[in-house]
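The values are calculated or read from the model by the stated rules, or taken from the named source; none is laboratory data. Everything numeric here is computed off the predicted structure, so don't read it as measured data. With ideal geometry, Cβ positions are generated from the backbone for all residues, glycine too; neighbour counts draw on all protein chains shown. The protein model used for the area step is the full one, side chains on, heavy atoms only, and it has no ligands, DNA or RNA in it. Shrake-Rupley method; radii C 1.70, N 1.55, O 1.52, S 1.80 Å.
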Amino acid sequence: MTKSVNHWIGGKTVEGASGNWGPVTDPATGEVTTKVALASVEEVDAAVSAAREAYATWGTSSLAQRTAVLFRYRALLDAHRDDIAALITAEHGKVHSDALGEVARGLEIVELACGITVQLKGELSTQVSSRVDVAAIRQPLGVVAGITPFNFPAMVPMWMFPLAIACGNTFVLKPSEKDPSAANLLAELAAEAGLPDGVLNVVHGDKVAVDALLAHPDVAAVSFVGSTPIARYIHTTASANGKRVQALGGAKNHMLVLPDADLDAAADAAVSAAYGSAGERCMAISAVVAVGAVGDELVEKIRQRAEKIKIGPGNDPTSEMGPLITRAHRDKVASYVTGAAAQGAEVVLDGTGYTVDGFEDGHWIGLSLLDKVSTDSDAYRDEIFGPVLCVLRAETYEEGVALINASPFGNGTAIFTRDGGAARRFQLEIEAGMVGVNVPIPVPVGYHSFGGWKDSLFGDHHIYGNDGVHFYTRGKVVTTRWPDPADAPAGVDLGFPRNH
């Protein structure tokens, strides 16, 4: 029986009224298991209206009240880790351990939000002039929106709304319509924790819902994570409508392997970073740049490890990688592998024919490894978002860095070396927002901010950490002069003793 996923507006489930529904499939079987309501402009307006009404009291609530709710919310999320992860696996397809890891990384930001009192402290300067003080404070924006991708249906929303509501804003979340159920559970648990009705709303939909949020006059800011073309569109459209925007786009993350690197460690890292979560993550390593003579040995070590990865349904505890999110995406990923040889690459592993016994209709693809890839090939230029790893060759460190810096993307990158001097140079010379040294996926911890450079970020603020707090608040400076009571006019008694 197909279940229905509806909106969460004003603290309760609201059935979809547009008449439009989207299919949600189980990627392991290809079966449509769920239908999700696709919101009309009027339904988006209802969600924004609920958030605007809630802001009247939540925006002026005490920090103690907000953090008390968030502490209870953190406890409920912890208790329901498996439930959230199970929904992710059922609709996204990633293995249960990956899904649990996603929930854990989202919880980091909830924990950061629990300590928001420190982040929201202001500044005070006294006696800047005679009897003049200056204070700087931060205040919430109002109603803010988040538009989140399919690849992390719980983590990315938790990168946004906990900080936003901790800062005193109210929130409208538009999650991916491909795997919507986790978002509703997050909202239901927030209500159970005592979050007032309307502070967090979930409205499902497609481009109609997105455009309605971007144009809505009561939405003050928009957070987005997704592909670069859509990030650019979100930034351009929302900015034109006077909104603050942080739009995180796509990536082509490189891993530079120097001749002195521990090749076993580098190969282990390449396999986990390229093929984990089936490569459907914006921080996946999709290009390894082998420097000098290490290329052949490194490729062989990666091949040996990749061939041992067990692919199967995400709810099978023995599976190490699950299927891709949809059949169309699976076919698109496969097309890069089938066309690679014609563009000069050596196909070391071809996963396009992979299937799983008993699950033949699932969205399966095996691990693919492409060697000696050229920088003008489609497999290198495009964000594939699947389990395809390209290996490029460079003669020197300088050539490798130049190759990476020529990419239009600048999300994350890594270097593998034993040389501290080379690693230090790399940190300073590479043009990317997040850098790993012998760390393949340098996603910052919650109290630092996540974000890239160039075509990987549109807007001025990275997500979560200090940047997240600044994004969801605006500064105000108050300059004050008070007369001294001793200077009060004669006949006015303010209760202060006078010296005669």
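Net charge in the neighbourhood of residue 342 (other residues with Cβ under 14 Å of its Cβ; Lys, Arg +1, Asp, Glu -1) is -3. Cα centroid separation, the range 96-121 to the range 137-164: 12 Å.
Ellipsoid semi-axes for the range 275-398, based on the Cα gyration tensor and the rule √(5λ), read 26, 16, 12 Å when sorted largest first. Within the chain, helices built from complete DSSP H runs that reach 15 Å or longer along their own axis (Cα positions) and carry a mean Kyte-Doolittle hydropathy of 1.0 or higher are 155-166. Around the Cα centre of the chain, unit charges on the Cβ atoms of Lys, Arg, Asp and Glu (plus for the first two, minus for the last two) sum to a dipole of about 1420 debye.
The label-point distance for residue 310 and residue 435, in a model that sets each label 7 Å from Cα toward Cβ, rounds to 4.0 nm. If you take all other residues with their beta carbon under 11 Å from the beta carbon of residue 373, and give Lys and Arg +1 and Asp and Glu -1, the sum is -1. With all protein chains in place and a 1.4 Å probe, the accessible surface of the chain carries 53 percent carbon and sulfur.
For the range 1-104, the average shadow cast by the Cα convex hull is 8.3 nm², which is a quarter of the hull's surface. Per residue, the solvent-accessible area of the chain (1.4 Å probe, heavy atoms of protein chains only, all protein chains present) comes to 41 Å².
If r is the Cβ-Cβ distance from residue 111 to residue 396 and R0 is 45 Å, what FRET efficiency results, to the nearest 0.05? Efficiency computed from Cβ-Cβ geometry: 0.55.
When the Cα gyration tensor is reduced to axis lengths a ≥ b ≥ c, the ratio a/c is 1.5 or higher for the chain, and with a/b not above b/c it is classed as oblate. Its residues counted as N, the range 90-190 yields a C-alpha radius of gyration over 2.2 N^0.38 Å of 1.44. Taking label points 7 Å from Cα along the Cα-to-Cβ direction, residue 76 and residue 487 give a separation of 5.4 nm. Once the GluC sites (Glu not before Pro) in DSSP loops with at most 10 neighbouring Cβ atoms within 10 Å are cut out of the chain, the longest remaining piece is 16-359. Split the chain at each of the trypsin sites (Lys or Arg not before Pro) in a DSSP loop with at most 13 other beta carbon atoms within 10 Å, and the longest piece is 132-307.
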